[in-house]
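This report refers to the structure that appears directly beneath it.
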């Protein structure tokens, strides 16, 4: 596949996260009826919402994605401890929006250094899925590495089988699309997910868009497969309200991979915080460089157990 097209779709996926986040944050925790009454159809990045954001400002969805991507790039490969440290640095900056499960997992790491949360039936939220786009880009063409890194970054905060399944499925969709696949390929991935976990059945749309990963993914999948372009997909998804910044971010990742960065409306790109856009563009290129080199992780025995070595590589560009 043409390298420029691959980059276009990869950048679309990463920018899509931020666009969906910034668009959806305005109507987070509102009902569709409340959104309709106040906005008609909400399709402008205007800020506000319960967080009282500036227009173009993003929330924890994009911030945690950037923290994950920064850890991968600055490590020159996969270093789970560096990922947890990056999440910790983010939390210490006192962001205005932090999910309870994410906060609990990061604080556990700060307290005892453990890199995996215990299996918890109450941790079926969408916080691991919303931030996985850097892993998607860094492991293109390496499905086993993608699976391992996805599960490891997820389990820092979210250790739940449905969270794992959804995070893997959406990442597989985005990777397939970036590598030249189609929405029909995504339908096959969704069908396989539903065969293993019927809870994710999304058609007819059940009507819930909460932070529970099943509700989140049903909203994302219905929006993705019932529309024909990036703008319509994100607009439909965020107008379901509830956890709209995260449903928007995840839908933005997959729809951005499907339609490419050029399909993102100019008015939305212009409204996005320019520093966030620069960071995303820099990370997308750096993560794709790592994917091109391959072997993101190299297993080795450290202290009698299986650990990870950072892969030696050429210097990467400095942060803008």
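Here are a few things to note about the model shown:
- Just one of (1) outside any loop (DSSP other than H, G, I, E, B); (2) in contact (Cβ under 8 Å) with a residue 40 or more places away in the chain; (3) surrounded by fewer than 19 Cβ atoms within 10 Å (Cβ to Cβ); (4) in contact with a helix residue (DSSP H, G or I) (Cβ under 7 Å, 6 or more places away or on another chain) fails for residue 88. It is (2).
- Residue 5 part of a helix (DSSP H, G or I), more than 19 Å from residue 150 (Cα to Cα) and at pLDDT below 95: yes
- Test for residue 192: is it closer than 21 Å to residue 5 by Cβ, part of a helix (DSSP H, G or I) and more than 18 Å from the chain's Cα centre (by Cα): no
- Only one entry of 219, 235, 170 meets the criterion of being assigned to a helix (DSSP H, G or I), out of contact with any strand residue (DSSP E or B) (no Cβ under 6 Å at 6 or more places or on another chain) and closer than 24 Å to residue 138 by Cβ, and that entry is 170.
- Members of region 24-48 that are surrounded by fewer than 19 Cβ atoms within 10 Å (Cβ to Cβ) and in a loop (DSSP other than H, G, I, E, B): 29, 31, 40, 41, 43, 44, 46, 47
- Per-region count, region 184-225, residues surrounded by 18 or more Cβ atoms within 10 Å (Cβ to Cβ), in contact (Cβ under 8 Å) with a residue 40 or more places away in the chain and within 12 Å of residue 254 (Cα to Cα): 4
- Scan region 1-23 for residues that are over 15 Å from residue 176 (Cβ atoms), surrounded by fewer than 24 Cβ atoms within 10 Å (Cβ to Cβ) and touching a residue at least 40 places away in the same chain (Cβ under 8 Å) and the total you get is 2.
- Residue pairs meeting the criteria (Cβ under 9 Å; at least 6 apart or on separate chains; first free of Cβ contacts under 8 Å to residues at least 60 places away in the same chain, in region 249-269; second in a helix (DSSP H, G or I)): 265/19; 265/230; 265/231
- Sole exception among (1) surrounded by fewer than 23 Cβ atoms within 10 Å (Cβ to Cβ); (2) in contact with a helix residue (DSSP H, G or I) (Cβ under 6 Å, 6 or more places away or on another chain) for residue 107, by number: (2)
- Any hit, region 282-289, residues being crowded, with 16+ Cβ neighbours inside 10 Å, closer than 19 Å to residue 178 by Cα and modelled with pLDDT under 90: no
The values are calculated or read from the model by the stated rules, or taken from the named source; none is laboratory data. Note that the structure is predicted; figures quoted are calculated from it, not measured. Neighbour counts are summed over all protein chains in view; Cβ atoms, including those assigned to glycine, are modelled from backbone coordinates with ideal geometry.
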